[in-house]
């Protein structure tokens, strides 16, 4: 099958295992393109893509923009902080005004969970969800799966632990959906105040002891504490969190096996992970960044093909 079963990438929940496999295989081809002297392909030369970011973003926005330029698409960048949204314009009006300029695809990050789904029912353009509140971040999960696959081969049966602020993390939820569809086993680890009550209903085990979680896993995905989404104090202090759930070189070296370390970024060095772990040979954090461009190229290329 060389077509996606969906018209938009709204979340991992909405796509099938064969969709994920198609995206990852396509990304493999684009990664080869990115390593050539000439990194551009004319695949989306006649497509106009608008990047709508209603929330701050550095890596995701740059990664999408680079992916679009590598595919030769025409790109419009929109930042809510300097737009008419500040004057009270609604999301649908903002988007319709952009679509009136004949835009084919929209990449959107929004602070409201479900914003991309809502928009997909109102407009004709293809939509890629670049993160909606604490809900989903599908391209991050796809690039994480791609990065693990690159290191370990098949994802089936692999053990992955997601450590940190699971409650406020869209990365955690998308990763759980994606890795489970690919046959991996998932545990989450962190203080119970940062683990959602419903998590076990997703078939995910909870482990509150970091060492036990690390001894169990093949891959540890370390998440930062999302202080900007927290309205109350979930733990006494960052120092205490770091002592219980921070990963340093001493702990990493004391494990009975070598595990792979991941982080979706931005990293709070010295909190969830120390610099010597982030920069170690077990870390694939920079591979994730590189793979992000190839995976996002694959997603937009495949969606554009569904005319």
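Derivation of every value follows stated rules applied to the coordinates shown; laboratory data play no part. All figures in this text were calculated on a predicted structure; none of them were measured in a lab. Cβ placement follows ideal geometry from the backbone for every residue including glycine, while neighbour counts extend to all protein chains displayed.
Computed quantities for the displayed model
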quantity	calculated
At q = 0.12, 0.20, 0.21 Å⁻¹, base-10 log of I(q)/I(0) for region 138-285 (Debye sum, equal scatterers on each alpha carbon)	-0.43, -1.33, -1.48
Point-to-point label distance, residue 72-residue 28, nm (Cα→Cβ direction, 7 Å offset)	2.5
Hydrodynamic radius by Kirkwood, which averages 1/r over all alpha carbon pairs of region 55-164, in angstrom	15.9
Ordering of 116-123, 18-25, 234-241 by packing [mean C-beta count within 10 Å, highest first]	18-25, 116-123, 234-241
Protection proxy ranking of 133-143, 34-44 - average other beta-carbon atoms within 10 Å, highest first	133-143, 34-44
Set of region 118-157 residues, backbone N closer than 20 Å to the point 7 Å along the Cα-Cβ line of residue 21	141-157
Alpha-carbon Rg with Dmax, taken over the chain, Å	19.2, 59
Antiparallel bridges, percent of DSSP beta bridges restricted to region 53-170 (to nearest 5)	10
Pair-distance profile P(r), taking every C-alpha pair of region 216-276, with 10 angstrom steps and integer %	20, 51, 25, 4
Whole-Å distance, taken between Cα centres, linking region 1-57 and region 77-156	13
Additional length obtainable on full extension of the chain from residue 89 to residue 156, 0.36 nm per residue less Cα span	19.5 nm
Global form of region 1-135, assessed from the alpha-carbon gyration tensor, a/c cut-off 1.5	prolate
Antiparallel bridges, percent of DSSP beta bridges restricted to the chain (to nearest 5)	5
Inter-site label distance for residue 99 and residue 200 at 7 Å from Cα along Cβ, in nm	4.4
Distance between modelled label sites at residue 112 and residue 45, nm, 7 Å Cα→Cβ extension	4.0
